[in-house]
Structure formats: C-alpha cells, structure tokens
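This is the structure I have questions about; it appears just below.
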Amino acid sequence: MSVAVAQSIDVQQELTDGFHLVIDALKLNDINTIYAVPGIPISDLCRMAQGEGIRVISFRHEQNAGNAAAIAGYLTQKPGVCLTVSAPGFLNGLTALANATTNCFPMILISGSSEREIVDLQQGDYEEMDQLAIAKPLCKAAFRVLHAQDVGIGIARAIRAACSGRPGGVYLDLPAKFFSQVMTAEAGAKSLVKVIDAAPEQIPAPAAVERALDVLKGAKRPLIILGKGASYAQVDDKIRELVEKTGIPFLPMSMAKGILPDTHPQSAGAARSTVLKDADVVLLIGARLNWLLSHGKGKTWGSEPKKFIQIDIEPKEMDSNVEIVAPLVGDIGSCVSALLAGMGGKWAKAPADWVGAVNAKKEANIAKMAPKLMNNASPMNYHSALGALREIIKDRPDAILVNEGANTLDLARGIIDMYKPRKRLDVGTWGVMGIGMGFAVAAAVETGQPVLAIEGDSAFGFSGMEVETICRYNLPVCVVIFNNNGIYRGTDVNPTGGEDVAPMVFVKDARYDKMMEAFGGVGAHVTTPDELKRAVIAAMDSGKPTLINAVIDPAAGTESGNIGSLNPQSAVVRKK
Ligand code: ADP
Ligand code: TZD
Ligand code: MG
C-alpha cells in the first residue's frame, strides 16, 4: 500500500510498516537476537529491533556477523539471523551463508537491497546488485519480499527452509522500498505466520531399520562415527544409550567431540587410524563421507572391505562416495530410537577381542602423547601449550572452545578432551579461516558460558577486529593466540634474498595482546605453559574480555598441519 493510500485511511486506525512487520515476524517466531552491520537501508531496522527488545549485536564486518548467526543456529536449532546492507555488505555476509549451508547450520541472511526497477535496468543505483540471483547457488533457498503484507510469509518460509530436512543457509532479500510500506496494524498482524514444527520428525522406514540392524548384527569389528549432525540434533541421551548398549567403539568428528566425553571408555578418538583401517561395519550418525573421512575409501580405510550404515536426514547423501549397504533416512533422534527399539532387550555387545584391540591401541597412543604435554620449557610448542589448555577445559567442561588455524586446530582437536556436547566449535567442513571471533561472540551471547578461543595467529587475523565487539558487549571471551609468527611456521625465507619477507611469515613477535588492551580488555603476553595456564584461569575467573599472546616456537609447526597431503607440490625445478 502506498503512503498516499495509507494517509487516506481513517486517522484513528493504527498503522504498521515493513520495518515493524519484520521485527514482529521474528519475535513471533522466537528469534530474539540479530547479528548485524547497520547502514542504508537497514539502519532503522537495527534501531527499531533493539527498541522492541530484540538483542542486536553489531559487528565490524558482515562475515563475522554471518558466522555468529550460523553458529547460533547450530547451537540453538533456531536459524541465526544476520542482517546486512546491500551489495558489498551482502557479499561480505555471503561467505558465512555459504559456509553455514556447507556445514548444515540453519541461518538466515537478511540483506537490504536497492530498488528493483533500477537494479533490473542496470541504471547504477546506490550499491546496485542483483543479490537474489547471486545468493541462490550458495544457499538452500532464497526469497525476496516486495510487499509489506508478504513479509510474514517470507520469514516463515525462510525459517522452514533453514531448519527442516538438512539444515542450511537461507537468503531473504528486502528491497529498500519495502521497509516504509504502510498497512493497517490489524491486517499486518494477521499477515504474520508462526512456524509450527519447523523441523518435523522424519521417521525411518521399518524395513530400513531392520536392514541396518541385520548389518550391525553381523559385524565383527563395528565402529560408530558421530558427526556434527549428531551434535546438532540434541539427542545426546539416545546416542549414549545406543553406544553403551552396543558396546561399539565410537569416533567423534571434530565438532561431535563431547556428545559422549572423550574420556568415555568406548571412545576410539586416540585410535583413529586403527579403527578406520580395521573396522568391518561402520555406522555413520550425522557425518558425511567427505574429505574429512577420506571419502570412505583409500589408504585410510585399509584393505578390509567395509559395510557402511548411514543415518542422515538427507536422502541424496547416501552413496555419495561409496556404497551405503544400509541407508537409514530420517532424523537422528527417530533413527536412533528405532534402532534401540529394534534391538530390544538382548543385543550382543561388540566382540571383546575387537574392543580390546582398540583399547590397547588407544592406551598406547595416549601414553606416547603424555610426556609431550607436560613440558614447561620456553619457547612453547603446540603440545606443551595445549597440555596446559587441556587441563583448563577439564576443570571447566561447560566452557565453549572455539578453534581455528592449521597446527593450532589439528593439534588442539587431538589433545583437548571435550566432556559435553556442542562445546567445540571450529572451522568445520571447509576448514575455513575467519570463524573465530564471530563464533566466540555468538557462543557467549547464546549460551552465557565462558568461551575459550584458541587461534592461530593467521586464523585470528581474519576476524581480529571483532575484539572491539567482544569488549563493547563485555563478553566472557578469552582469546589465546598461538603466535608462531606466521602461517604453519614463521621460519620461511624469501628465496630471492629480497627485501620482502616470505609469503607465510608475519611481523615477528607481534603483540596481539595490545589489540585487546586498546579497547579496554585485558591483554597478556606469555612464554611458558604455566604462565599461559595462569592467564587463562584469571580470564575465566574474571569473565573479562582477554587476549593472551602465547609465544610458540616458529619452527614447531608443520606445513598445512595434518593435511599436508592435500597440498600440491611442484615437481619442477626451474633453472635460474
Ligand atoms: P562432520 O563434519 O562432523 O563429519 P557433516 O557436516 O559432514 O559432519 O555431516 C552432518 C550430516 O548430518 C549432514 O549430512 C546432515 O544432513 C546431517 N544432519 C544434520 N542434522 C540432522 C538431523 N537432525 N537428523 C539427521 N541428519 C542430520
Ligand atoms: N583462507 C581461508 C578463508 N581459509 C583457509 N583455510 C585459508 C585461507 C588457508 N589457510 C589454512 O587452511 S590454515 C591457514 C590458512 C591461511 C592459517 C594457518 O596459520 P595459523 O595456524 O597461524 O592460523 P598455525 O598454528 O600457524 O598452523
Ligand atoms: Mg601461525
């Protein structure tokens, strides 16, 4: 309805507009936080949302706001909302939207956009871009709302698309003109939709359950792999029941650590290569056979033929890399319940010789690692620094661990035991750098728990400016930077002997801690594991925003951390 028409409506009649309707629609659907970077045309939306009781967390860069929204979605099963301005703001948010989709996190990117008439004629509007077309291939669904009376439906569709089936990112395009469109408050209220049951149960077919149980029954060396789909599903008790009832060793993927504690007797985390090689039947629960599991084939999986049972809500995931002999399509809660019901009262535990072999390997590996974690020398290496941090998480299992980097990531994943579900947040399926501060902010905002972000110095740089955001909202976030002066190592040299340093190397002995001090937080500079531990404990006890610059031996890391094999190498030596 145009403003002119609206003005002709009885002055007594209460009015609403696009701005208010977006806010009302979000609130109606229990979305109470927005992660944003304000500007034309959404500045007033940010202001008004705050005025109406929505928590608006304002960032310094949209990618970080987007990552915050994505991980809020993972933690809460409600889509995290990121709000951006048009073209450049939208594009800055898009990496996070694509990453959310890749990781199966529910998220909605809402971007303001320029006027359709001008964009479509390419007449050069302010921040002109056909955002809907650009977003489409990078997310699960993309919608545009042109009229105020349609935004209730638009937001409902966005929520449903983000949460139902395999969760993912959704784009919602709101052209500038939409926001000030007026309609009567009564008609506006009626146009809103409360989404009922956004992620309906999906019950697996009984025949599929039976097939899975038959395969499992025949297993001599069974293995359960838990992925972040399993942690997302929030059916921790059922998963524990399945694992314990079957006695099968389990291997958690990175973000699935803690669904059952890493110290659980059946955890095979410390015997990863053995169980992948030697298992004969593998039950995948919310984990894809992508690169992180070597596509289910090749050296990693040994010469033993494997039978895969896969639980996933996405039917197209089955057979994506290798044959799945028992696909179990449904939501994890329903699938695991159906397996448990089908097992009944008497189900034979996993064969003792297999369990014994896995445990022996695991204990040997743990014993081999132990001394490396207890070295208090300076400079620190990854093991000695992580040895200190591992004790902190042990004492504070409710803290949320955010982790990115290469060596900093791979070694922390292996060394730091997790004790509770959804406490480990990291680079996920893409191995993307830059999630750190966005994830840390949202983890603190959504859960109220203290956050420990363990960051490579390179990784941190992708989102480092958000330390101001952490200080501004006074969040209980302790950032530890593993400062080895560069990417993987700080020891590369320029082969020409020229003035420029090597591309993997940063400013030597940089003092990242001063960045936090600049915004009123606490900075610390540490060179031994004892100092590191003391500084982190002080941060966690105080709850104050803290950044600890932990000096790591620049020669301690390895190229690409654990995934050097994916790094192509030139076989050609050029004559000078
Ligand atoms: P990881 O990286 O930890 O191995 P992935 O991201 O590869 O985990 O796999 C997660 C899988 O979980 C995806 O295939 C996704 O479809 C699935 N998934 C997510 N939520 C559910 C759910 N509630 N029920 C069933 N499957 C789910
Ligand atoms: N850009 C993006 C968005 N994601 C990436 N993964 C990379 C670049 C490449 N990359 C890695 O895969 S790890 C990494 C980069 C730049 C940084 C590693 O250095 P770090 O960690 O300081 O964070 P370590 O401890 O020095 O290994
Ligand atoms: Mg580094």
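The values are calculated or read from the model by the stated rules, or taken from the named source; none is laboratory data. Given the structure is predicted, the values throughout are model-derived calculations rather than measurements. Quick reminder, even Gly has a Cβ in these numbers, built from the backbone with ideal geometry, and neighbours come from all protein chains shown. Accessible surface areas use protein heavy atoms only, side chains included; no ligands, DNA or RNA. Shrake-Rupley method; radii C 1.70, N 1.55, O 1.52, S 1.80 Å.
Is at least one residue of region 264-271 buried (at least 24 other Cβ atoms within 10 Å of the Cβ) and in a loop (DSSP other than H, G, I, E, B)?
Looking through region 264-271, at least one residue is buried (at least 24 other Cβ atoms within 10 Å of the Cβ) and in a loop (DSSP other than H, G, I, E, B).
Checking the condition over 30 Å from Asn359 (Cβ atoms), touching a Ser or Thr at 6+ places or on another chain (Cβ under 7 Å), within 16 Å of ligand 1 (Cβ to nearest atom) and not assigned by TED's automatic domain parsing to the domain that holds Pro305, which residue from Gly165, Gly152, Gly169 passes?
Selected residue: Gly169, the only one of Gly165, Gly152, Gly169 that is over 30 Å from Asn359 (Cβ atoms), touching a Ser or Thr at 6+ places or on another chain (Cβ under 7 Å), within 16 Å of ligand 1 (Cβ to nearest atom) and not assigned by TED's automatic domain parsing to the domain that holds Pro305.
So Tyr232 clears everything in (1) more than 30 Å from Arg272 (Cβ to Cβ); (2) aromatic (Phe, Trp, Tyr); (3) open to solvent by 10 Å² or more (accessible area, probe 1.4 Å) except one condition, right? Which one?
(1)
Which residues, taken from region 472-513, are open to solvent by 10 Å² or more (accessible area, probe 1.4 Å), touching a Ser or Thr at 6+ places or on another chain (Cβ under 7 Å) and more than 11 Å from ligand 3 (Cβ to nearest atom)?
Listed by number, the list is empty, since nothing qualifies.
I'd like to know if region 291-302 contains one or more residues that are in contact (Cβ under 8 Å) with a residue 40 or more places away in the chain, open to solvent by less than 50 Å² (accessible area, probe 1.4 Å) and among the hydroxyl-bearing types (Ser, Thr, Tyr).
no
Within the bounds of region 95-102, is there any residue that is surrounded by fewer than 20 Cβ atoms within 10 Å (Cβ to Cβ), more than 23 Å from Arg157 (Cβ to Cβ) and either at pLDDT below 95 or not hydrophobic (A, V, I, L, M, F, W, C) (or both)?
Checked against the condition, which is being surrounded by fewer than 20 Cβ atoms within 10 Å (Cβ to Cβ), more than 23 Å from Arg157 (Cβ to Cβ) and either at pLDDT below 95 or not hydrophobic (A, V, I, L, M, F, W, C) (or both), region 95-102 yields at least one hit.
If you don't mind, there's one more thing I want to ask. Just give me the residues in region 520-546 being in a loop (DSSP other than H, G, I, E, B) and open to solvent by less than 50 Å² (accessible area, probe 1.4 Å), in sequence order.
Of the residues in region 520-546, the ones in a loop (DSSP other than H, G, I, E, B) are 520-521, 527-528, 543-545.
Gly521, Thr527, Thr528, Gly543, Pro545 - these are the residues of region 520-546 that are in a loop (DSSP other than H, G, I, E, B) and open to solvent by less than 50 Å² (accessible area, probe 1.4 Å).
While we're here: Looking for something more than 18 Å from Ala350 (Cα to Cα), part of a helix (DSSP H, G or I) and of a type in the set (S, T, N, Q) - is there at least one such residue anywhere in region 251-260?
Within region 251-260 (the criterion being more than 18 Å from Ala350 (Cα to Cα), part of a helix (DSSP H, G or I) and of a type in the set (S, T, N, Q)), the answer is yes, since at least one residue qualifies.
Scan region 428-459 residue by residue and report those that are among the aliphatic types (A, V, I, L, M) and within 14 Å of ligand 3 (Cβ to nearest atom).
Met433, Ile454, Ala459, listed by residue number.
Just to be sure I understand, how many residues within region 472-491 are at negative phi and touching a strand residue (DSSP E or B) at 6+ places or on another chain (Cβ under 7 Å)?
Residues in region 472-491 being at negative phi and touching a strand residue (DSSP E or B) at 6+ places or on another chain (Cβ under 7 Å): 11 in total.
Within region 445-471, track down each residue that is surrounded by fewer than 17 Cβ atoms within 10 Å (Cβ to Cβ) and touching a strand residue (DSSP E or B) at 6+ places or on another chain (Cβ under 9 Å).
Once the filter is applied, which keeps residues that are surrounded by fewer than 17 Cβ atoms within 10 Å (Cβ to Cβ) and touching a strand residue (DSSP E or B) at 6+ places or on another chain (Cβ under 9 Å), region 445-471 yields only Gln449.
Check region 310-325 and report whether any residue there is in contact with a helix residue (DSSP H, G or I) (Cβ under 6 Å, 6 or more places away or on another chain) and assigned to a helix (DSSP H, G or I).
no
In the set Asn562, Asn549, which member is surrounded by fewer than 19 Cβ atoms within 10 Å (Cβ to Cβ), in contact (Cβ under 8 Å) with a residue 12 or more places away in the chain, touching a helix residue (DSSP H, G or I) at 6+ places or on another chain (Cβ under 6 Å) and of a type outside the set (Lys, Arg)?
One residue alone meets the criteria, Asn562.
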